[in-house]
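**Q** Got a structure for you, written out below as structure tokens; questions coming shortly.
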Amino acid sequence: MSHVFGIDLGTTNSVIAHLVEGRPVAVPVDGSRIVPSVVLYEDNRVVVGREARNLEMLRPERCIRSAKRKMGTLHRYSIAGREVSPEEVSAQILSALKQGAEKATGVPVRDVVITVPAYFDDAQRRATLEAGQRAGLHVLRLLNEPTSASLLYERVLHPEALRVAEPEILLVYDLGGGTFDVSVLEVFQGVREVRSTAGNTQLGGDDFDDKLVQLFLEALKKQGVEPREDGRAMARLRQLAEETKIRLSTDISVHVKEEFLTQARGRPIHLEMEVRRRDFEALIEPLLESTVALTRQALAEARLEGQSLSKICLVGGSTRIPRVRQMLEEAFGVDVHEEVDPDLAVGLGAAIQAGMLSGEPVGRILVDVASHSLGMRVIGEDDLGSATPDTFAPVLRRNTVLPATKVEEFYTLVPEQELVQVEVFQGESRRVSENTRVGAFEFPLEPRPANSPVRVEFTYDLNGVVKVSVSQPGTTNAKTVALSVADVGKAVPALAPGQSAVERKGYALLERLPPEQRAGLKRLLDEYAQSQGVARERAEEALLDFFLNLEHAPGLPEP
């Protein structure tokens, strides 16, 4: 096999790395090991990376950043009269990494490992594969980002972990520019098993920047200025917010000064203010608390408590914020490790995985898990016992060790049924309408009596890609389908990770309740978030009972 490279395709920054004499090394692209994930479309060329980020303030309408957050969706960017997909933007970033690495190393870049958030669903993973193909890359493996970081931890930072007599429980907390992941791994003498994973693909440093931008806008509003429609001014404010956030990781206060930001009534408008770290931390505290809640969820699903952890490893540039480490230590009482540049950890881990695939004698075994349950739409019973087509039947459960194959039998509804509509969903709700639709296909049936079996097999590989095989026992009638990104275009809109309709209703009610009721509802919501399967259904029933009792209670404030 040819030399294999590892790529961290990040929301804010990207990295390409490879093994040099057995050690992972990030390859400099245009002089920097960290490449901004920013793409600018000019009339006759495409600019990627640092130059694109610098030009953004001059031509914001031609610039795209954070495309990773839109991967696997129907979103399109309108740039200079043309429509651009997130996959095309990501392909431009990957192509720039490929060309830069070839120039720096003199080695052709074709075979690669690309990392993805552990909580990426099937559509997002397929979109990543498509971006790699568009960039002329052969993607050997999609590797979950926390798992990638754990490889670096063991292989480079703590090789003595290979010789310990007892298993270590490692928690990888990955807070990047646009996504959050947490994974609980058991590491023992070269074998690492992912016990559980949780996350939010729409939470990261971009959201922290947004809080600062809002702070700046409020300061400008006091001057009677509203620059939201001024593209250049907003681009400058976003860059100023990012710079301020970075400085607040080392300074307790930052003096912000941006002159000639915009104009109002013929006069120039300047922004000048002091931003204290404690004020910034107060702005982002609810977002950080949500990551701690997801971390508790991952521990609960692994049937562990905080004191069971051996170490917590921080990954992702947003973990440089001092409050992140402080919150984790307060919540779990465990040492937090910051032994490697958090912007490079995932990319370097990907290089180690690449080395394994190309024959590097590293002697490691990697066991990963499914980040979402996969199943089908079936006819089931609702809460009143009536038949409903809104029932989700899991076939392959969340946190199943990958690769995996699971088989279930379902049954026809009517005599001589001619067709089955196979609809595949991801999620944890028993209602398909609250899960993500992965894809669908039709399966013609041979005539049989009602209640005849139909066998469904799900195969889930290490890239997180699913193949569905359907067959009729006792016949040669069978069909296998690999679901494509295009299928997701018909999708039921996905809820945010961990946010079902029940949770959204609960959190909407939370602020309207008196303190004595608020605590009870918060406890029920926490139990629901941390449970799955039968326990999750019971927690949902408890929440529904709570809502029902509230409807009959006098004096509930209107929303």
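Bear in mind these aren't lab numbers, they're just calculated from the coordinates by the rules spelled out. Since this is a predicted model, take the numbers as computed values, not measurements. Here the Cβ is made from the backbone with ideal geometry for all residues, glycine too, and neighbour counts use every protein chain on show.
**Q** Just round it to a whole percent: the fraction of Cα-Cα distances in the chain exceeding 45 Å.
**A** Distances greater than 45 Å cover 19 percent of the Cα pairs.
**Q** Next question. Seen from all sides and averaged, what is the projected area of the convex hull of the Cα atoms in the range 192-325, in nm²?
**A** Mean shadow area of the hull around the Cα atoms is 9.7 nm².
**Q** Also, quick follow-up: Can you tell me, using C-alpha contacts under 8 Å and at least 6 residues apart, the relative contact order of the chain as a whole percent?
**A** On the way: 1138 pairs, mean separation 76.2, N = 559.
For the chain, the relative contact order is 14 percent.
**Q** Now for a different question. What value, in deg cm²/dmol to 500, does the helix sum -39500 (n - 2.57) over DSSP H runs of n ≥ 4 give at 222 nm once divided by the residues of the chain?
**A** Roughly -10000 deg cm²/dmol at 222 nm, from the helical runs in the chain.
**Q** Full-extension gain between GLU226 and ALA519, please, as 0.36 nm times their residue separation minus the C-alpha to C-alpha distance.
**A** Values: separation 293, 0.36 × 293 = 105.48 nm, distance 3.94 nm.
Result: 101.5 nm gained on full extension.
**Q** Take MET376, MET71 and order them by how many other Cβ atoms sit within 10 Å, fewest up front.
**A** With the sparsest Cβ surroundings first, the list reads MET376, MET71.
**Q** For the ranges 305-311, 113-119, what's the packing order if you count other beta-carbon atoms within 10 Å of each residue, average per peptide, and put the highest first?
**A** Numbers: 305-311: 14.3, 113-119: 28.4.
Ranking the peptides 305-311, 113-119 by packing returns 113-119, 305-311.
**Q** Gain in length, GLU42 to ARG278, computed as 0.36 nm per residue apart minus the alpha-carbon separation, to one decimal in nm?
**A** Contour length minus Cα-Cα distance gives 80.9 nm.
**Q** Moving on to the next point. Under a point-charge model restricted to the Cβ atoms of Lys and Arg (+1) and Asp and Glu (-1), what is the dipole moment magnitude of the chain relative to its Cα centre, in debye to the nearest 20?
**A** The dipole of the chain has a size of about 1220 debye.
**Q** Let me ask something else about it. Ranking request for peptides 177-185, 312-320, 518-526: highest mean number of other beta-carbon atoms within 10 Å first, then the rest in descending order.
**A** In decreasing order of mean packing, 177-185, 312-320, 518-526 become 177-185, 312-320, 518-526.
**Q** Sticking with this one: Listing LEU152, LEU544, LEU513 from the residue with the fewest other Cβ atoms within 10 Å to the one with the most, what is the order?
**A** By the 10 Å Cβ count, ascending: LEU544, LEU513, LEU152.
**Q** Now, a different point. For the range 129-267, what size does the Cα cloud have along each of its three principal axes, sorted from largest down, in whole Å?
**A** Projected onto its principal axes, the Cα set of the range 129-267 covers 72, 42, 23 Å.
**Q** What is the diffusion coefficient of the range 205-282 in µm²/s, taking the Kirkwood radius over Cα pairs and the Stokes-Einstein relation at 37 °C with a viscosity of 0.692 mPa s?
**A** Stokes-Einstein gives a translational diffusion coefficient of 259 µm²/s.
**Q** Using Cα centres only, tell me the gap between the range 432-453 and the range 183-230 in whole Å.
**A** Cα centres, the range 432-453 to the range 183-230: 39 Å.
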